[in-house]
1. Could you list all residues from segment 256-268 that are surrounded by 17 or more Cβ atoms within 10 Å (Cβ to Cβ) and out of contact with any strand residue (DSSP E or B) (no Cβ under 6 Å at 6 or more places or on another chain)?
2. Of the residues that make up segment 173-180, is at least one surrounded by fewer than 23 Cβ atoms within 10 Å (Cβ to Cβ), free of Cβ contacts under 8 Å to residues at least 24 places away in the same chain and in a loop (DSSP other than H, G, I, E, B)?
3. If residue 153 passes every condition in (1) assigned by TED's automatic domain parsing to the domain that holds residue 98; (2) under 21 Å from residue 176 (Cβ atoms); (3) in contact (Cβ under 8 Å) with a residue 40 or more places away in the chain but one, which one does it miss?
4. Among (1) within 24 Å of residue 208 (Cβ to Cβ); (2) surrounded by 18 or more Cβ atoms within 10 Å (Cβ to Cβ), which single condition is residue 147 missing?
5. Considering segment 106-130 alone, what residues qualify as being in contact with a strand residue (DSSP E or B) (Cβ under 7 Å, 6 or more places away or on another chain) and within 13 Å of residue 290 (Cα to Cα)?
6. Scan segment 292-315 and tell me whether some residue there is in contact with a strand residue (DSSP E or B) (Cβ under 7 Å, 6 or more places away or on another chain), over 28 Å from residue 143 (Cβ atoms) and modelled with pLDDT of 95 or more.
7. Would you confirm whether or not segment 203-222 contains a residue that is surrounded by fewer than 24 Cβ atoms within 10 Å (Cβ to Cβ) and either assigned by TED's automatic domain parsing to the domain that holds residue 67 or within 18 Å of residue 298 (Cβ to Cβ) (or both)?
């Protein structure tokens, strides 16, 4: 072997020996050699389910909830599953199916979901349930019961300040406690302005029948009503249609429904579901969820400070139809309700 060949052989032996020392030292201290690359394991998505017996295309109750949860998906990147038009007899099995599938949070929108949620929830302690307009709670069940009567109180006052006939109307989809409560708030607001104001109320026992809503509204208009508030989902579209045909004003419910009839829907009481559902998600995600019943009231506007989630929609193109003194009085009434100066109590039994 030449001298150069010997040098190469010695160099190779030195390199092999050095590598062996490194391996022995690493093994001796319990740290195996790791490759320079690694693969991050994808995080398990946070699963949110939104369910309701309403319709997502109703332009009101169902649509607001759907839009709020879609916004949640965009903001927080949750894995969202949504289902509407759930038949009341199918509520329990629907909840069970989604809980079995590993939902972290199930948002059930509608009063009728309360009892089935409480029945299903104990079997799924790791799933949190939130019922919008519910009156139930358990360790993993919370209900949000908005003080919608505070919003309808303001609409009743507005109607009384602008009515030319001294008669206003209310059309409800069903005699549920929360809907009666809204009707009573409307009545209280109207009579605060004018104790002699006549409030005509009709309950349809049907949330998805515009023709029935229109028929009830026309009867009220023929009785002299020149302002109509509905809380009747798509049946309420018929109420708004009747108001438009007869040239009287209507009020929307839960959502800003001005787009349904821009020259007819003067305002709406709106539930800030974005705010409500975002708060629910954040509490579950942070581990601060508490199974309790909350009753948030008025806020000054969408996303306003405080816990309130009920506010009045803008007048839009009808703004010039509302006198300045009426706007000022309405703003003052809003502040008086928020501060507690004016109390709009819960009432679930219709009054005369």
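1. 260, 261, listed by residue number.
2. no
3. Only one criterion in (1) assigned by TED's automatic domain parsing to the domain that holds residue 98; (2) under 21 Å from residue 176 (Cβ atoms); (3) in contact (Cβ under 8 Å) with a residue 40 or more places away in the chain is unmet by residue 153, namely (1).
4. Condition not satisfied by residue 147: (1).
5. If the condition is that a residue be in contact with a strand residue (DSSP E or B) (Cβ under 7 Å, 6 or more places away or on another chain) and within 13 Å of residue 290 (Cα to Cα), then 127, 128, 129, 130 are the ones that fit.
6. yes
7. The answer is no, given that none of the residues of segment 203-222 is surrounded by fewer than 24 Cβ atoms within 10 Å (Cβ to Cβ) and either assigned by TED's automatic domain parsing to the domain that holds residue 67 or within 18 Å of residue 298 (Cβ to Cβ) (or both).
Residues checked against (1) buried (at least 18 other Cβ atoms within 10 Å of the Cβ); (2) in contact (Cβ under 8 Å) with a residue 40 or more places away in the chain; (3) within 19 Å of the chain's Cα centre (by Cα):
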residue	(1), (2), (3)
89	no, no, no
94	yes, yes, no
100	no, no, no
104	yes, yes, yes
119	no, no, no
161	yes, yes, no
171	yes, yes, no
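The values are calculated or read from the model by the stated rules, or taken from the named source; none is laboratory data. Quick caveat: nothing in here was measured; it's all calculated off a predicted structure. Virtual Cβ from ideal backbone geometry, glycine too; neighbours counted across all protein chains shown.
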